[in-house]
Amino acid sequence: MKKVRYSGIVFCLFLLSISLLSPGYAESRTVTEFTEGLTAACNPSSITTGSDGNLWFTEYAGNKIGKITPTGVITEFSAGLAAYSYPWGITAGPDGNLWFTVFAGIGRITSSGTITVFKTGLQDYSDPIAITAGLDGNLWFTDCGAHAIGRITPTGEITEFVLNPDISYPWGITAGSDGNLWFTDCGANAIGKITPSGIVTMFSTGLVTYSGPAEIIAGPDGNLWFTENYGNKIGKITPAGVITEFSAGLTANSSPWGITAGPDGNIWFTEYEGGMVGRITPSGVITEFSIGLINNRGPQGIVAGPDGNLWFTEYNHNAIGRFSDFRSGCSANLDYSGVLNAPYLSNENPISGTPWIWANFVYEPTLSFPSLIPFKLTNFGLINNPSSSCTPSTLYTDMSIHIPDMTLPGENVHLWVDLRYSPVLSSSGKNIFIVTNYGQVSE
């Protein structure tokens, strides 16, 4: 491995220059599209990871449930689905089956492909959309047509909780780390929270008018993250109900849609109109990845697969996409705003079963020590089931960190970097790490 050393002055000037540049840019990564085995014009919509290690998705117009293996082999299932069922949302259930929504019903499919549809307990004009597994052992879903949030037990018993019938059109739903269910309401322009007992609280302060909140997911930072299809933003809401919106770095009129927690400690989303996949760090820094899709592909649902890749549906193109080459997701990366994300960080002497962490730092120069290259730790979180096979960064017992691979913004340049905790610079609640050594990593 060839290593080229640079002067600290050059590297420091580089950091200073990038902090002045716009944070919006796009990168390319490897995308593989799978179409063989898909019914023509089936409109694949939502996608999830099953307990069997495969990816499962709905075919809205094809009226089928699809399965794709990590190697790309597609199988479709339709026996048990009535005509014009229009399956949309799908999730892995606590019983090992896949659960999905259809028009006026909730469906269950086993890993072998046996489908059962439940309807008893639904309100009139029911039109379930999204579905998720709750921490209470039940499945929870949004019912746009009935203006309600629904709950279905693994045995098929349905209960619905009606929202405001005049304005509510609930859409996305996810389980929060607080034990509640969180959902988007595109009609009320709000984010809702419902307890397992059915108590609803709505939050709208902080949302731009007509934001069109769509899909929502629990993030690695304990907050809830959602897409704003009309507002062209990514939103975050804390368990206390505080909403923050992020748009810097998003292409205009890109229409963010699907969203998922990635295997790298970040949140990933699709851009339905923009034809790209986006990444937002827990600190709110957005990067768009030009994934080589031509116009009108319509990337929609997205999920982190068991293989460490991101899988997404192409609603208009009739394909399932796999977003690979996680060198920048696996490795650390420095973006235009000076944020350093270390997605995988392990201890020097890891204990079996001990979780890894992700960590974010931000470049913070100091006038007292102008020759130093300091980074402030801004946030971090646990990764209990790391799915990447990359070499992680290492945290040593002396509070130093070795990053074997860090990418620079907008460049095909990789550096190895050593940082060390500075007790002198760390004060007033700050945790400052300074760069002690670095060099270029040859590809």
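What to note about this one:
- Within the range 158-176, the only residue that satisfies the criterion of being hydroxyl-bearing (S, T, Y), open to solvent by less than 30 Å² (accessible area, probe 1.4 Å) and outside any strand (DSSP E or B) is S168.
- Here S22 meets each of (1) open to solvent by 60 Å² or more (accessible area, probe 1.4 Å); (2) modelled with pLDDT of 95 or more with one exception, condition (2).
- Extreme residue, surrounded by the fewest Cβ atoms within 10 Å (Cβ to Cβ), among residues of the range 112-133 that are within 22 Å of the chain's Cα centre (by Cα) and within 18 Å of G50 (Cβ to Cβ): A133
Residue-by-condition table, conditions (1) assigned to a loop (DSSP other than H, G, I, E, B); (2) open to solvent by 30 Å² or more (accessible area, probe 1.4 Å); (3) in contact (Cβ under 8 Å) with a residue 40 or more places away in the chain:
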site: I65; (1), (2), (3): no, no, yes
site: T71; (1), (2), (3): yes, yes, no
site: A79; (1), (2), (3): yes, yes, no
site: A82; (1), (2), (3): yes, yes, no
site: S85; (1), (2), (3): yes, no, no
site: P94; (1), (2), (3): yes, yes, yes
site: W99; (1), (2), (3): no, no, yes
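- Spans of strands (runs of 3 or more DSSP E) in the range 177-277 with at least 2 residues open to solvent by less than 40 Å² (accessible area, probe 1.4 Å) and either modelled with pLDDT of 95 or more or more than 30 Å from S393 (Cβ to Cβ) (or both): 181-185, 190-194, 213-218, 224-228, 233-237, 243-246, 256-261, 267-271
- Residue within the range 146-156 that is among the aliphatic types (A, V, I, L, M) and surrounded by fewer than 20 Cβ atoms within 10 Å (Cβ to Cβ) present: no
- Residues being open to solvent by 50 Å² or more (accessible area, probe 1.4 Å) and not in a loop (DSSP other than H, G, I, E, B) - total across the range 395-436: 4
- Some residue of the range 326-337 being open to solvent by less than 10 Å² (accessible area, probe 1.4 Å) and at pLDDT 80 or above: yes
The values are calculated or read from the model by the stated rules, or taken from the named source; none is laboratory data. Computed from a predicted structure; not experimentally measured. Quick reminder, even Gly has a Cβ in these numbers, built from the backbone with ideal geometry, and neighbours come from all protein chains shown. The accessibility values were calculated without ligands, DNA or RNA, using every heavy atom of the protein model including side chains. Shrake-Rupley method; radii C 1.70, N 1.55, O 1.52, S 1.80 Å.
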